[in-house]
Amino acid sequence: MLPRPSDLIPHRPPFLFIDEVLELDDQHALCARTFRADEPFYAGHYPGNPLTPGVLLCEAVFQAGAVFLTHRLKSQGGSAADSTPVLCRIEEAKFKGMVLPGDRVTIEARPTETLQQFHFMAGTVRKDGKAVLTLRYALALIPKSA
């Protein structure tokens, strides 16, 4: 049985942009999210023509990356309880389609390289099997402050 996102990462509503973990192994995390029509950001982005903000699609990818890193850390005998995943870099974000209220997307995060505490990753958001966002980014697991 796969864990819930809230079992792996510290994000909580209203800033949790993953509904479920679909696949999780040492190669990737595949998650899903359905953007509900009653989400508060649609009221202002854009009235009468709501569109999911690209920055929130990016955030969903970052959260999928955090799910992956937490899983990897646990599988290596560590614990993520003492650290917080922090975004360090965004590169080559390419928006290729729109996500509208009611759309269900899949969110994939794959590791590309690790340098000390920096974890470089590639991410994709897909709607109906087609990429609507691709990007590269880096996360760091930062120790929690006392």
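The values are calculated or read from the model by the stated rules, or taken from the named source; none is laboratory data. Nothing here was measured: the structure is a model prediction, and the numbers come from that model. Cβ atoms come from the backbone with ideal geometry, glycine included; neighbour counts cover every protein chain shown.
Restricting to the stretch 125-134, name every residue that is closer than 16 Å to ILE90 by Cα and surrounded by fewer than 20 Cβ atoms within 10 Å (Cβ to Cβ).
Just the residues of the stretch 125-134 that are closer than 16 Å to ILE90 by Cα, to begin with: 125, 133-134.
THR134, the sole residue that qualifies.
Could you list, in sequence order, the residues of the stretch 118-131 that are farther than 16 Å from PHE62 by Cβ and not basic (Lys, Arg)?
ASP128, GLY129, ALA131
Return the pair list, or none, for Cβ contacts closer than 7 Å from residues in the stretch 40-53 that are closer than 20 Å to LYS127 by Cα to residues that are of a type in the set (Phe, Trp, Tyr), at least 6 apart or on different chains.
Listed by first residue and then by second, the contacts come to PRO50/TYR42; THR52/PHE35; PRO53/PHE41.
Scan the stretch 64-117 residue by residue and report those that are part of a loop (DSSP other than H, G, I, E, B), modelled with pLDDT under 95, more than 17 Å from the chain's Cα centre (by Cα) and not polar (S, T, N, Q).
In the first step, residues of the stretch 64-117 are kept if they are part of a loop (DSSP other than H, G, I, E, B); the result is 76-82, 96-103, 116-117.
Restricting the remaining residues to those that are modelled with pLDDT under 95 gives 76-82, 116-117.
Those still in the list that are more than 17 Å from the chain's Cα centre (by Cα) too: 76-79, 81-82, 116-117.
Correct list: GLY77, GLY78, ALA81, ASP82.
One residue is enough: does the stretch 9-17 have a residue meeting the conditions surrounded by 14 or more Cβ atoms within 10 Å (Cβ to Cβ), at pLDDT 95 or above and within 14 Å of the chain's Cα centre (by Cα)?
The answer is yes, given that some residue of the stretch 9-17 is surrounded by 14 or more Cβ atoms within 10 Å (Cβ to Cβ), at pLDDT 95 or above and within 14 Å of the chain's Cα centre (by Cα).
Suppose we filter the stretch 80-99 for residues that are surrounded by fewer than 14 Cβ atoms within 10 Å (Cβ to Cβ) and in contact with a Ser or Thr (Cβ under 9 Å, 6 or more places away or on another chain); how many remain?
4
VAL86 versus (1) farther than 29 Å from PRO40 by Cα; (2) out of contact with any Lys or Arg (no Cβ under 9 Å at 6 or more places or on another chain): which is the lone unmet condition?
Tallying (1) farther than 29 Å from PRO40 by Cα; (2) out of contact with any Lys or Arg (no Cβ under 9 Å at 6 or more places or on another chain), VAL86 fails exactly one: (1).
State all residues of the stretch 93-146 that are in contact (Cβ under 8 Å) with a residue 24 or more places away in the chain and of a type in the set (Ser, Thr, Tyr); if no residue qualifies, say none.
THR106, THR112, THR124, THR134, TYR137
Which one of these does ASP25 not meet: (1) in contact with a His (Cβ under 9 Å, 6 or more places away or on another chain); (2) among the acidic types (Asp, Glu); (3) surrounded by fewer than 11 Cβ atoms within 10 Å (Cβ to Cβ)?
Status for ASP25: all satisfied but (3).
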